[in-house]
Amino acid sequence: MAPTPDPTRRTVVLGLGNPLMEDDGFGLAVVDRLRNSYEVGPEVELIDGGTWGMNLLPAIETASELILVDAIRSGAAPGTVVELERAQLPRYLAHKLSPHQIDLKEVLALAEWRGTLPERTVAIGAEPAAIEMSVGLTPALADAVPLALAAVRARLADWGRSCDPRRAMADA
């Protein structure tokens, strides 16, 4: 049974990364696919966080629930989708993947220190195959986009948020 939606809560899905650095653009690709292929409720905000660093703090601090979508170095095979709960985030963020993660670690630490990091925070991503100056995802990460998207949609459903295929997509 799905939870009853609470319109007073705001859920943020935050795509992170740099699309000019190959697989580092994974989080942006997932959020872009979500934005273009699905209808989310008005209480869900999809944000292209790119490499914004501390500029992301207001979006994080005002969220009731937060889903971070990014390339995540977990030590698994390239393309392996991983989900990290709030308590696991500092450990994953301690490994430098790209310059934006140093900023993200600091942003999350500041929100934690201020008591504003949402209790419901999760990171969903995939192990990158390559982080090099190049546009586009490697085949392993391109194949992982629908799997990560399914994980984001499942988390939204668990939190009582709607995320339905767009009508044109459903009719195709």
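Name the single residue that is nearest to the chain's Cα centre (by Cα) among those in the range 44-68 being farther than 24 Å from E22 by Cβ and free of Cβ contacts under 8 Å to residues at least 40 places away in the same chain.
Selected residue: E45.
Report yes if some residue within the range 111-130 is of a type in the set (D, E, K, R), part of a loop (DSSP other than H, G, I, E, B) and within 16 Å of L66 (Cβ to Cβ); otherwise report no.
Looking for residues that are of a type in the set (D, E, K, R), part of a loop (DSSP other than H, G, I, E, B) and within 16 Å of L66 (Cβ to Cβ), one finds at least one in the range 111-130, hence yes.
Take the range 46-73 and flag every residue that is assigned to a strand (DSSP E or B) and among the hydrophobic types (A, V, I, L, M, F, W, C).
L46, I47, L66, I67, L68, V69, A71, listed by residue number.
Which condition breaks for L147 when tested against (1) over 21 Å from L20 (Cα atoms); (2) under 17 Å from the mean Cα position of the chain (by Cα); (3) of a type outside the set (S, T, Y); (4) at pLDDT below 95?
Against the list (1) over 21 Å from L20 (Cα atoms); (2) under 17 Å from the mean Cα position of the chain (by Cα); (3) of a type outside the set (S, T, Y); (4) at pLDDT below 95, L147 comes up short only on (4).
Does V107 satisfy the condition of being surrounded by 15 or more Cβ atoms within 10 Å (Cβ to Cβ) and modelled with pLDDT of 90 or more?
Considered against the rule, which asks whether it is surrounded by 15 or more Cβ atoms within 10 Å (Cβ to Cβ) and modelled with pLDDT of 90 or more, V107 comes out as no.
Determine, yes or no, whether D143 is closer than 19 Å to V12 by Cα and of a type in the set (D, E).
no
Return only the number of the condition from (1) surrounded by fewer than 19 Cβ atoms within 10 Å (Cβ to Cβ); (2) modelled with pLDDT of 95 or more that A172 does not satisfy.
The failed condition is (2).
The values are calculated or read from the model by the stated rules, or taken from the named source; none is laboratory data. All values derive from a computational prediction rather than experimental measurement. Note: ideal-geometry Cβ built from the backbone for every residue, glycine included; neighbour counts use all protein chains shown.
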